[in-house]
Amino acid sequence: MKPRALVSLPGGWPEDAPRRSACFGLSPFGYSGESVEDLASYFRRLSERHRLLPRTLAFRAVAPLIANNSPAKWNRLARACYSTSINGVTEIASSWVEALAKLTFRNDLELRTLLPLRHVIPPTKLLSPVERYCPHCYLEDEMAHRPKYNRLLWSIDCVTACPLHRVRLKCIPQTRQFEASPFWIPGISRLDGHSLAEETAELATANEVKVAKLVAELLSDVHQHPAAFKNLPSPNILLRYAVRILFGGNSALFARHLGIAKSELHGWTAQNIRPSLPRLVLIAHCCNCTISDVLLGNRVILRWVPRVASEKESSAPRRDGWRHNSPERLAAQLARMAETEESLGVRGAAKRLDVSEKYLHKLSPEAATQLAESARNVRHKRALQREEIRFEEFWLSFKLLQANNIYPARRKVERDVLDRTGMKFRFGEANRYLHRAHEIANTSPKTRR
């Protein structure tokens, strides 16, 4: 397929007239870390201006620019417009920025992603796997009479709250995988098309708001001074400075203060290993500075701030049942559980006896093994029962279609089951059920030629 011309001049125009872009030069929203629009939201609004589905515009205009000689990759590249991957620091985001810059003639789209930080922040634990939103921000968009749009801050995984309204972010309801939804504009539910500004949100904790503010400050610094964050060294300058100023040169105390292993801190300070964004947030919080100070190595005034314990750490149970019962009594209770309660398992027995699982394995290896095996068999039986229930619904729709002289193709059977029960099937699961149904009905599935 020949590449299409991205710019053209209408007939009769002077040859020295300015070039015309292939797509509208739509202006992105936002100017600070809390409000800057992400690239995925910008592209979806751009597709709405062109009256096209995002995947259609991506398949026809963006994918050919990224993989001009590989049409087989166009479908996979086009599906990226529905994910947060084009907002990150990987090659996918870079390719999308270059392609959209050619289509719209805009040179500021890189700031709608995290690409300015590609050399200083690892891609791991960076982007959220699901799309999230703040209902209050959408409501402000409606009150300001502007289109609703997604903030780049919402697509960062460690950010769980809106720093402006102090509420927790909510996950946008998703449709079936790879299903074309008629509702794709930001701020609109993909299930029924109602405005997400009508949803309610719960208040966030002070720690969640603090994390969101730290990351928002980083995005503001990147947006205002992108050149300062290119090709930075590892953040060992501030870390060594913090060890010397706050902990008298004792790195072990600093690692304990951060709640990490000393080897991890040593990797950051001596081996030029770059910490992930959640770790950068932790360092900035515990040293009372900004993430930009950590990355740039600014020797600012530091202050010792206690680390906020995670929910897992703060709720970790203290199991001391061994203090109140003798080993013989615990072993007898464990043996009784192994004989009478098949579905309890080692974890359930340890919780009931108020001891650790490791202690149970040492106390009576035979009983612990019996509990684990019994629980495994019970889970297997329940899985088979669920499998049969799901197949019965599939088989019922299969027979209904045959009774109406309709060939029971997989998609038709799945649609009928979904309409009747709301049950969905995975691709491999539906194919397995389809072959089983044909065997029972003594028919053969049609094959594509």
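Every read-out reported here was derived from the displayed coordinates using simple, explicitly stated rules and does not represent laboratory data. It should be emphasised that the depicted structure is a prediction, and the values quoted were computed from it without experimental measurement. Using ideal geometry, Cβ is built from the backbone for each residue, glycine included, and neighbour counts are taken over all protein chains shown.
Between the amide H of residue 167 and those of 162, 204, distances stay under 5 Å, these residues lying 5 or more places away or on another chain, with hydrogens modeled in the peptide plane. For residue 392 and residue 444, the FRET efficiency from 1/(1 + (r/R0)^6), where r spans their Cβ atoms and R0 equals 25 Å, is about 0.70.
Each peptide in 326-338, 97-109 was scored by the mean count of other Cβ atoms within 10 Å over its residues; highest first, the order is 97-109, 326-338.
When the chain is treated as a GNM with alpha-carbon contacts under 10 Å, the residue of 51, 60, 436 showing the greatest mean-square fluctuation is 436. Only one of [x] 52; [y] 26; [z] 64 was calculated from the structure for percent of Cα pairs over 36 Å apart, and its label is [x]. Checking the a/c ratio against 1.5 first, then a/b against b/c, what shape does the Cα gyration tensor give for the range 274-431? Since a/c reaches 1.5 but b/c is at least a/b, the shape of the range 274-431 is classed as oblate.
Binning the C-alpha pair distances of the range 73-137 at 5 Å intervals from 0 yields a P(r) profile of 3, 16, 24, 24, 19, 11, 3, 0 %, listed from the shortest bin outward. Just to be sure I understand: with springs between alpha-carbon atoms less than 10 Å apart, which residue in 36, 209, 243 has the highest mean-square fluctuation in the Gaussian network model of the chain? The residue with the greatest mean-square fluctuation here is 243. Annotation: amide H-H contacts under 5 Å for residue 188 (H modelled 1.01 Å from N, sequence separation of 5 or more, or interchain): 196.
Based on C-alpha pairs under 8 angstrom that are at least 6 apart in sequence, the range 242-309 has a relative contact order of 29 percent.
Would you calculate, for the chain, the mean residue ellipticity at 222 nm contributed by helices, counting each DSSP H stretch of 4 or more residues as -39,500 (n - 2.57) and dividing by all residues, to the nearest 500?
Details: 20 runs with 216 residues, N = 449.
One gets -14500 deg cm²/dmol as the mean residue ellipticity at 222 nm.
Given axes a ≥ b ≥ c from the Cα gyration tensor, I'd like to know whether the range 73-182 is rounded (a/c under 1.5), prolate (a/b larger than b/c) or oblate. Let's see the in-between values first.
Numbers: a/c = 1.41, a/b = 1.31, b/c = 1.08.
Because its axes are fairly even, with a/c under 1.5, the range 73-182 counts as rounded.
In percent, how large is the relative contact order of the chain, given Cα pairs closer than 8 Å and 6 or more residues apart? Numbers along the way, then the final one.
Details: 578 pairs, mean separation 47.6, N = 449.
This gives 11 percent for the chain.
Residues considered: 151, 432, 240. Largest GNM mean-square fluctuation over the chain, using C-alpha springs under 10 Å, is found at 432.
Between the C-alpha center of the range 356-407 and that of the range 74-89 there is a gap of 36 Å.
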